[in-house]
Structures are given as structure tokens and as C-alpha cells.
Amino acid sequence: MSTRAAAPTRREQILNEAARLFAARGFHGVGVDEIGAAVGISGPGLYRHFAGKDAMLAELLVGISERLLTGGRHRVAEAAGDPPRVLSSLINGHIDFALDDRALITVHDRELDRLRDADRKLVRQLQRQYVELWVDVVRELHPEVGEAEVRVSVHAVFGLLNSTPHLATPGREATESLLRRLAHGAFGALSA
């Protein structure tokens, strides 16, 4: 059995390059010709894969929200009945996202308002469901804390973890360890 990951499809290559370029120069600062050139096809050749830049942006932001929610649900199910393990798993998964998908964090922060209303509403709906996974487990761990305070703490931890695009990190392992300690410390402060 092979342990190598499958090579990205052409569509995935396009999305990866679009994310990188949008993060570096903004949605309006990048043309389809540049995205095509980054993956070795003509700009018009992109239209075989996407209706346009708007469709790429929507797939990037809806896609990452879907992946976070699906991954979060899987982590909750895997560790069900063990709230500390569930929280650790959610934190670890979000750290992986924050370190592996830094460009998408930047694109989301800057370009979410450029999505069509339906796509933006879908992203927000998926994000709310993802937040609820966290709120549920943190409330289980800290039943003495009110829901509003738990919700604020979850968003604060997301802010901490999602700050990675703005950080010069000391290396992946050290950064993972630091972010893990900080996230657990933030939730631990709820009982202080």
C-alpha cells in the first residue's frame, strides 16, 4: 500500500495557485492569465475548470469552510465521550489548518465580502456550525461558565490560531507546540 499522497488534480493546482496569488496581491490584483501561467496553462484554459475568478474564490472559501466543518465533525465523533480529547483534537486540527492553509486565511480575511451573497451566506453558515462544535465541547469542560463567555473564548482562540499568516514562525514543530499550549491555556483560563 502506498503512503504517498495523490498528486493534486489540475483543478486543485489552479485553486492552490489562485489562493497563493490572491493572498499575495488581492483578488483584483491578479488576472486569470497569471493564475494560468502559474500552473502552466493559458488564462483562457482556466475556463475549462472554472467559470471565472469569482468561481475560484467561492470554491476556495466555501471549500475550506466545508473541510473545517467535516474535519471537526470527524474529530468530535472519533473522540466522543472524552471532552478533553475532543478539544485537543479540534485544537490540533485547527492548528494544522492554520499552518498549512495560511494563504486561505488571508484570502478569507480580505476577500469574503467579494463573494456572491449566496456563497457568503453559505460560508457563514458553515462557520457557525464549526463554532458550535467547539462551543459544545468547551461548555462540557466548563459547565460553570456562561455560553456567551464560552463563545467569546472560542472566537478568541480562532483569532489566535488564525494569526499565523502574520507571524514569522520558528519552525513547524515549535509553532505547533506553542499554539497548542496557548490555545489550551486560553480555555483553561475560563476556570481561573
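Miscellaneous remarks
- The long axis of helix 102-111 is offset from the longest Cα principal axis of the chain by roughly 80 degrees.
- By average C-beta atoms within 10 angstrom, highest first, the peptides 72-83, 96-107, 30-41: 96-107, 30-41, 72-83
- For segment 1-137: relative contact order, % (alpha-carbon pairs under 8 angstrom, 6 or more apart): 28 percent
- With both labels modelled 7 Å from their Cα along Cα-to-Cβ, the Gln125 to Thr169 distance reads 3.2 nm.
- For the chain, adding -39500 (n - 2.57) for each run of n ≥ 4 DSSP H residues and dividing by the number of residues yields -23500 deg cm²/dmol at 222 nm.
- The dipole here belongs to segment 37-192: it is taken about the Cα centre, uses +1 on the Cβ of Lys and Arg and -1 on the Cβ of Asp and Glu, and is about 340 debye.
- Folded to 0 to 90 degrees: helix 10-25 orientation relative to the chain principal axis, Cα: 80 degrees
- Label sites at Arg48 and His155, each approximated as a point 7 angstrom past Cα along Cα to Cβ, lie 4.5 nm apart.
- For segment 87-191, the solvent-accessible area with a 1.4 angstrom probe is 51 square angstrom per residue.
- Computed in the context of the full set of protein chains, the accessible area of segment 1-55 at 1.4 Å probe radius has 53% of its extent on carbon or sulfur.
The values are calculated or read from the model by the stated rules, or taken from the named source; none is laboratory data. Since the structure is predicted, the reported quantities are computational estimates derived from the model, not experimental observations. Glycine also receives a Cβ, built like all others from the backbone with ideal geometry; neighbour counts cover every protein chain displayed. Heavy atoms of the whole protein, side chains included, go into the accessibility calculation; ligands, DNA and RNA do not. Shrake-Rupley method; radii C 1.70, N 1.55, O 1.52, S 1.80 Å.
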